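The block underneath contains the structure these notes are about, expressed in structure tokens.
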Amino acid sequence: MTLLEGVNYFLAVLFLAGGVLAIILMMTLLGERLQRDACRRRHPAYIGRVQRIARNRRAVLNRKGRG
């Protein structure tokens, strides 16, 4: 193996390892965000907010129907 082949091999392994680490990091960050969103959806304040928005939307739609 010549020096040039050794350098190419080293760079290929380096970039492959870097790509794997980048994928693992992105999956970790995405999973953490999804977990946080799931916790927020189960939170009573969030559920109350969603119900209030739906109630207001129904009230607006009912008012439009009367006219």
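The values are calculated or read from the model by the stated rules, or taken from the named source; none is laboratory data. Fair warning: this is a prediction, and the values are worked out from it, not measured in the lab. Glycine also receives a Cβ, built like all others from the backbone with ideal geometry; neighbour counts cover every protein chain displayed.
A search for C-beta distances below 9 Å between a residue of segment 1-20 that is in a helix (DSSP H, G or I) and any residue that is of a type in the set (A, V, I, L, M, F, W, C), counting only pairs 6+ apart in sequence or on different chains, returns Y9/M1.
Yes or no, residue by residue, for (1) of a type outside the set (S, T, Y); (2) at pLDDT 95 or above; (3) within 29 Å of the chain's Cα centre (by Cα):
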site	(1), (2), (3)
L3	yes, no, no
G6	yes, no, no
A12	yes, yes, no
L16	yes, yes, yes
A22	yes, yes, yes
R33	yes, no, yes
D37	yes, no, yes
R41	yes, no, yes
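Among all residues of segment 8-24, there is none that is surrounded by 10 or more Cβ atoms within 10 Å (Cβ to Cβ) and either among the charged types (D, E, K, R) or in contact with a Pro (Cβ under 9 Å, 6 or more places away or on another chain) (or both).
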